[in-house]
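> The structure that follows is given in the form of C-alpha cells.
The values are calculated or read from the model by the stated rules, or taken from the named source; none is laboratory data. Computed from a predicted model, the values in this text were never measured in an experiment. All Cβ positions, even for glycine, are placed from backbone atoms using ideal geometry, and neighbour counts span all protein chains on display.
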Amino acid sequence: MVLSVTEKSYLRDSLKNKDHFLRPDGRNYDQFRPVEIYTDFLPSSNGSSRILASDGTEIVISIKTEVVDHSLTKDLVSIDLDITGYRDDSAYVTSIRSILSKTMKSKLNFTKEKGPKEKSVLQLTKKYSFKLYIDILVLSNYSYPLSLISFAIYSALETTKLPMLISSEDDLEIEELPIFHDYDMITLDFQSPLIFLVAFIEDNVFIDPSDAETQVANKCLILTWFENKISSPIRTVSLNDDYTDGFTLLHLKESIEVVRKCAPEVLRALKYQ
Amino acid sequence: MNTQEKQNTITTNQPISFPPEVLARIAPDISLQRHLQLGLRPCLRKFEEFREYRTTDGELSNKNNPCVLGSNISRLGEMFVITTITGGIIEENMPVTEIDTVKDEIPDFEENTKGEVGFASVYPIVQVERGRVGAPTDEEMIVSQKLCESILNSQLITNNSLSINSIGIRNAETQEIVYDSQKEQNERKLLNNRKWSYVLYSKQQVFSRNSPIFELCLNSLVLALKTVKLPRAYIDERAIDLKIPIRTRGRSANIRESYDLNFDINERVPLTLNIANIGFASNFGVIKVENSNEDPILLADLESEAEESSILSRISIISTPTNKGSATTNFKSIYMAASGDNVPMHLLKRALEISCERTNDLYKKLSK
Amino acid sequence: MLDSSRYPEKVLPGDLISPLYDIDNNNEKIVYSFHPGPGTTITKYKINSQEHKVLIATLKGFVHFEELVKTNIDSEGKESEKKEENDTENKNKLADELEAPEVNSDRIIKKYTVIVSKEKKNEMMQDPNLQEGQQDEVNNDFANNLPKEGDIVLCKVTRISAQKANVEILVVENNNCLKDSGVGTNGAGVSSVTGGSGAVTFFISQASSDLGETFKGVIRSQDVRATERDSVKITECFKPGDIVRCKVLSLGDGNNYYLTTAKNYLGVVFAKSLGGAGELMYAIDWKTMIAPTSQVLEQRKCAKPF
Amino acid sequence: MNVQDRRRLLGPPNARPVAFSKVLEEPTEISNVSSNDKALPYMKMGLLTNCNGSSYIESGDDNLMLITSVYGPKPIRGSFTSKAVLTVHLENSIATANNSDGSTDDGKNFNTSDDYKDLSFFLKNIFDSVVQLDKYPKSGIDIFVKVVNTDSANTSNIPKLLQMCCNGILLGLVDANMEISDLVGIGIISHECCVSFIKNGLEMCGFWKMKDEDEQDIEEIVGKCKENYLENKYLISSYLNGD
C-alpha cells in the first residue's frame, strides 16, 4: 500500500526517535514478524516449502535436482524467481534474483574439508554432481521478500531428499554412470544461508522492516548469516525514492549486532519444525 | 505592469527575432534557408566540404577480448561509431559425395572452372545511442539491412575466404596444436568430410548522431573488416573418434555437431578481402534556395537537424578508389531519392565526381 | 555591503559555501541571511553529534550573492512583495524562516540569495525576467530551465480539437535548447508507425515534430485570447504544425503543461499555408495571416510580430 | 522469450559463436594489483553531443573504458510527480560472441544481464541520494553507462567497475549541469568489496560486499575504503577544477 505524504511523515517521526521508538505493529527493533512454514508438501519435487508471513506474504518454493557432469555444467544452481505483480525483467525482480543466485552459488561451493577430499556439497562422484533447481514463487508480496525467501529456501533444503549413491565415487577412470539406491534417500548436508534485512531511519536500526517501514526508511542493509557468522553478501538497497540520507559506521555496526542477536534464534525456530 | 509597458516601448520598432539556436529548433527549414541565402550551411562548412574523417583500427580486438575479431572506431566530425566484429561457425550442408572429395584434392580446379564464386556478407546490428532502451528503431533496422546488402553486393568477401580449410589437431598430452595439411587430409576423412565456415557479425554503436549514419557505418565496417583475423580451428585428438550426437538440453532440439571445434586463441589468419572492391561511401543532398531563380544546389555530407529534416533529395554513393593499376573508379552503389527538390543531371554528375575525390582522399589517408 | 571574498568563489558540487546566517566583519549589527537559489541547497552536517545547517553548492561554477532586499527592515515588506511576483516558489517557503530574526529590532538583516552559475560574476547579471524583449544571448544552462509558471515557451501544435490544442514545447524562450531531443537522437526524421520509435503518425491532425520526446502542453480554448473567451474556435486559431509562442499557466497534470496565448505578444509566430504544404505566412492583423506570393489568407491567433 | 527476433539481422540460426576455451589465467595478475594505485584514469567530459551530459573514462590499468551519457530531464508520462525519476542503465557493449545483446551468454563468470541490472540498481540507489531530484518535477533523468572495453579477466572485479561507473556518471551529471548535492564516490579495498561515501567520508550511501574473504572487521573495511574514496575524490575534483 502506498502511503500518503502525511502518513509517511507520521510514521517516520515515530520511528526516528531514539527514545520513543515505536513501530506501527508494536515490535521491538530486533523482533521478527511471526511466520508460518510448511515443508515437504509437493510430492513431485525433492524438497519444498511454503512460508506465510503475518502481513500476508506467501512464498512457495520447490527444489528439484538433476545429475550432471560438472565438467560440462558450470552452474550447479539454477534459480527461477517469479514475483506476482512484477515483470520478470524489472529491477526489483532481477536484483533479488541476482543476489539470491550469487549467494547460493558461492555458498554451495563452500567446502568444509580442505585438502585432497575437498569437494563441493553437491558433488556426487568425481565426475558427476547434483544440480539444484530452485523455483521460487512469491504468490503475494507485501514487503521486500528477500529475507523470507532465504528462510523458505533454508527450510526447503532442510527437507530435500536426494537419492543415495550406491556406485563407486571414483568414476574418473571407469566410464560409469552413477547408480542410486532404489528407495533410500539422503538429505543434503548443507545449511542454507539466511538473509536478513535491516532498515535505517536517522539513528535507529531495526530488523525485518514491514512494507510501511521500508517506505520511510533511508536505506536498508542486506546481511547474510552463514555457518554461524555474518557473511556476505552485505550490501545496501534503497526501497523508496523519498528518503535517501546517508548512514554511518555506527549503523553498520549496530545492524551487525542485531543480526548476531537474532540469527541464532531464527535458525533455532526454523530448525524446530 | 510597469516593466511590461517599458518593454513595449522599447521593442515596438523592432520585429520579433529569435536567437539562431532557437530558430534552428523551432523552424529548421527557415533556419536552413536563411543560412543558404548567405552562402553558408548551418554547420558553417562550404557546400561541397566534407567533415574530417578520423579512424583508429583494431584497438578493441586484443587479447582481452578474444571474441572480437576485428574492430574500428571512426569519427566524422563529432559523430563517431564503434564497430566490433565477432564470428561464428556454421556447418555447411554439403552432401558427402565424390565430387566434393575431388574438389578438395584439386583446390585450384574448383576456382578455375567455376569462375564464379559466391560472396558472403556480415550480419550487422546497428545501435544509435539515443538514451532509449528497447526495440531497434526503423533507422537502425534499415541501416543494418543496407549494410548487409552493400557488403554482399560489393563482392568484398568471397565464400572461400570464410570457409575453414584446415583444422588443427590438439595433442592430448602436450596440448600442442598441430596444423599439418598432410596429416589433416587424413583426418578430414575421419571427420566425414564435413565442412565448416565462418560467419561474421558486426555490432556498430553510433554515438553523437547528428547526421545520416549509413555512410559512416559502412566506411567503418569496411575498415573493421580489413582488420579481421580469424582464429584457426582445431579439434581434440581424442575427440576425433567420438561420434555421439549430443542433444542440447532445453527447448532447442537441434543436434549439435559431434565434433567440438575449438578455436586457437594464438593462431590467427587474416581475412582475405577483395581489395579491389573496397569502397567508401559519401552522401549528398540537393535543395533549392528560396527567393532565387537559380538551380538547386548540392550539399556534401549532410549534418545537423536542419539539413536532415529539410533536405529530402538525397544521393548516397559508394565508390572504389582509383588504384595505381586501374585508373577508373568503380561505383559500387548509387542511391538517389529525389523526394524533395528535383535533382538536375549536372548535380548528379558533380556528386559522382566529388564522391570519387572523397574516396581517393580517404583511401590515401587511411592506407598511410 | 557583503564581503563576498569571505566565501568561496569557485565551487564544485558538495562544496560548502556559507552558513545560513553570518555576521558582518566590521559591524556586529549587520546579520546576513543566506537563502539557497539555483545551484545551491541546504544540507545538514553532523559534527560532534550537533547538527549544523549549511549552504552547499550543487553545481560546478561560480558563486554569486544576490541581495534580496535592498533596504533595511522598514521597507522590507513592499520590496519582497514585488520580488515575489516574479519568482514565487522559493521565497514563499522561506518566508516562515524569516519571521523569527525580524523580531530582533536593532539588528539589520540583509538577505541574500546564493546562486551558483557557470558564468563569472559580471557576465550573468542580466534581468532574467524579461517578458517581451529578446535577449541575444542564449542561456545554455539547460538543466535548471525546465518550463515553469510564467515562462514564455515556443511550441509546435501537434493536434487540435474543438476544446483544446495540443502542443509540444520546443524551447523555453531565451533559454536553452535541450540537446537531447531532436532528429539527432531519435533516428532519421521520417519513420513508420510500426516498430522502432514510431514517433511519427500519418494523420495530418497529429503532425508530430519528429523531435524525440518533448514536454507536452495544452492550450484550452478559454486560454486562447483574453476577450470573448467562450466563442473561441480552435480551428480558427491554430493549425497543426504552427509554431506558437505561449506562456505557462501551470505545471498542469502528469501529461501536460497548461499554456495560454491570451496576450498580444503571444500566439502563432510561424505558420505555413495550406496545412503546411504552402509557403510561410505573415501576420497582417491579430487574427489573419497571408502567404506573400499566393495571397492565401488564413485565420490564426497571431502573436504581435513587433 | 522464445520469440525469434525479427528486427535484427541475426544470421543463420544454426551458427555457433566462436568461443575460446578458457584462457589460461596469466600470472601477470599479481603485478596488475600492485600497479593499480599508480596508473591514473583518463577522464573527459562532454564527449557526446546529442545528450545533455556525457563523459568518457579509461581506467589506467585494466583497459576499462566507459562512455556515460546523461539524458534529461525529459518528460515522463502518467501521473504527476513532484520530483524526477532517475534511472541508470549499465550495459556491456562489448560484442559477445553470439551477438545478441549479451543476454543469452552462457556460463561466463560475470556477464549476465541480471547482474548488470543489479549493478544498475545499486548505482541508481547511490545517485538517488545525491541528485537533487525535487528540482526537476514531472521529468525523468536517464543515465546510460556503456562498457566499451575491458580486460575480460577483470570483469569479475565488480568494485572497480562500480567505482569507475560512479566516476563516469558523476562527470556526466556535472557536464549536464545537473544539481547534485555532493561528489559521491566509491572506495574499494579488494576485488569484492566497495563502499560509497558522501560528505567527505562522514556518511556512506552504499555498501557492497558479495563474496567472503578473510575475516575482516567492518570498521577496517570502511576505513580502508574511505582512504581509497578520498584518493579517488581528489582525482575527480582536481580534474574538475583543472577543466
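> If we keep just the residues of segment C:21-44 that are under 27 Å from the mean Cα position of the chain (by Cα) and without any contact (Cβ under 8 Å) to a residue 40 or more places away in the chain, which is surrounded by the fewest Cβ atoms within 10 Å (Cβ to Cβ)? Please lay out each step first, then the result.
Looking only at segment C:21-44, we keep the residues that are under 27 Å from the mean Cα position of the chain (by Cα), and these are C:33-43.
Those left that are additionally without any contact (Cβ under 8 Å) to a residue 40 or more places away in the chain: C:41-43.
On the way: C:T41: 21, C:I42: 13, C:T43: 19.
Filtering segment C:21-44 for residues that are under 27 Å from the mean Cα position of the chain (by Cα) and without any contact (Cβ under 8 Å) to a residue 40 or more places away in the chain, the one surrounded by the fewest Cβ atoms within 10 Å (Cβ to Cβ) comes out as C:I42.
> To continue, here is another question. State yes or no: is B:F47 more than 27 Å from B:Q205 (Cβ to Cβ), modelled with pLDDT of 75 or more and of a type in the set (F, W, Y)?
On the way: more than 27 Å from B:Q205 (Cβ to Cβ): yes; modelled with pLDDT of 75 or more: yes; of a type in the set (F, W, Y): yes.
In short, yes.
> Give the residues of segment D:46-60 that are free of Cβ contacts under 8 Å to residues at least 40 places away in the same chain, away from chain B (no Cβ under 11 Å) and part of a loop (DSSP other than H, G, I, E, B), sorted by residue number.
D:G60
> Can you pull out every residue in segment D:107-152 that is over 17 Å from D:I180 (Cβ atoms), among the polar types (S, T, N, Q) and at pLDDT 80 or above?
If the condition is that a residue be over 17 Å from D:I180 (Cβ atoms), among the polar types (S, T, N, Q) and at pLDDT 80 or above, then D:S120 is the only one that fits.
> List the pairs whose first member sits in segment A:47-71 and is at pLDDT below 95 and surrounded by fewer than 17 Cβ atoms within 10 Å (Cβ to Cβ), whose second member is in a strand (DSSP E or B) and not hydroxyl-bearing (S, T, Y), and whose Cβ atoms are under 8 Å apart, counting only residues at least 6 apart or on separate chains?
A:S54/A:V35; A:E66/A:F130; A:E66/A:K131
> Got at least one residue in segment D:209-219 being more than 11 Å from every other protein chain (Cβ to nearest Cβ), under 26 Å from A:M104 (Cβ atoms) and outside any strand (DSSP E or B)?
Just the residues of segment D:209-219 that are more than 11 Å from every other protein chain (Cβ to nearest Cβ), to begin with: D:214.
Next cut, under 26 Å from A:M104 (Cβ atoms) only: D:214.
Applying the additional criterion that residues be outside any strand (DSSP E or B) yields D:214.
For segment D:209-219, residues more than 11 Å from every other protein chain (Cβ to nearest Cβ), under 26 Å from A:M104 (Cβ atoms) and outside any strand (DSSP E or B): present.
> If B:K332 passes every condition in (1) surrounded by 14 or more Cβ atoms within 10 Å (Cβ to Cβ); (2) at pLDDT below 80; (3) closer than 20 Å to B:L156 by Cα but one, which one does it miss?
(2)
> Quick check on my filter: what residues within segment B:134-171 are among the small types (G, A, S) and either within 13 Å of chain C (Cβ to nearest Cβ) or within 15 Å of the chain's Cα centre (by Cα) (or both)? I'd like the intermediate steps shown before the answer.
Start the filter on segment B:134-171 by keeping residues that are among the small types (G, A, S), which leaves B:134-135, B:144, B:150, B:154, B:161, B:163, B:166, B:168.
Residues satisfying the conditions are B:G134, B:A135, B:S144, B:S150, B:S154.
> How many residues, within segment D:61-88, are part of a strand (DSSP E or B), within 12 Å of chain B (Cβ to nearest Cβ) and closer than 24 Å to D:D114 by Cα?
Initial filter on segment D:61-88 (part of a strand (DSSP E or B)): D:65-75, D:85-88.
Of the ones still in play, those that are also within 12 Å of chain B (Cβ to nearest Cβ) are D:65, D:67-74, D:87-88.
Then drop every residue that is not closer than 24 Å to D:D114 by Cα, which leaves D:65, D:67-71, D:87-88.
Qualifying residue count, segment D:61-88: 8.
> Test of understanding: among C:K46, C:K78, C:K82, which residue is assigned by the TED database to the domain that holds C:T113, at pLDDT below 85 and not polar (S, T, N, Q)?
Details: C:K78 fails: assigned by the TED database to the domain that holds C:T113; C:K82 fails: assigned by the TED database to the domain that holds C:T113.
On inspection, the qualifying residue turns out to be C:K46.
> If you go through segment B:77-92, how many residues are over 15 Å from B:L271 (Cα atoms), facing chain D (nearest Cβ under 7 Å) and either in contact with a His (Cβ under 8 Å, 6 or more places away or on another chain) or among the aliphatic types (A, V, I, L, M) (or both)?
The first filter runs over segment B:77-92 and keeps only residues over 15 Å from B:L271 (Cα atoms), leaving B:77-83, B:90-92.
Still in the running and facing chain D (nearest Cβ under 7 Å): B:78, B:82, B:90.
Retained after the next criterion (residues that are either in contact with a His (Cβ under 8 Å, 6 or more places away or on another chain) or among the aliphatic types (A, V, I, L, M) (or both)): B:82, B:90.
Qualifying residue count for the region: 2.
> Which one is surrounded by the most Cβ atoms within 10 Å (Cβ to Cβ) among residues in segment C:1-20 that are under 26 Å from the mean Cα position of the chain (by Cα) and in a loop (DSSP other than H, G, I, E, B)?
C:P13
> Tally the residues that are within 25 Å of B:S150 (Cβ to Cβ) and assigned to a loop (DSSP other than H, G, I, E, B), restricting the search to segment B:277-295.
Of segment B:277-295, the ones within 25 Å of B:S150 (Cβ to Cβ) are B:277-286.
This time we only want the ones that are assigned to a loop (DSSP other than H, G, I, E, B), so: B:278-279.
Adding up the residues that qualify gives 2.
> Let me ask something else. Filter segment D:174-200 down to residues that are part of a loop (DSSP other than H, G, I, E, B) and among the small types (G, A, S), then give me how many there are. First the steps, then the outcome.
If we filter segment D:174-200 for residues that are part of a loop (DSSP other than H, G, I, E, B), which is where we start, we get D:176-179, D:181-184, D:189-192.
Those still in the list that are among the small types (G, A, S) too: D:176, D:181, D:190.
Summing the residues that are part of a loop (DSSP other than H, G, I, E, B) and among the small types (G, A, S) in segment D:174-200 gives 3.
> Taking segment D:182-215, which residues are out of contact with any Ser or Thr (no Cβ under 9 Å at 6 or more places or on another chain) and over 15 Å from D:N228 (Cα atoms)?
D:D214, D:E215
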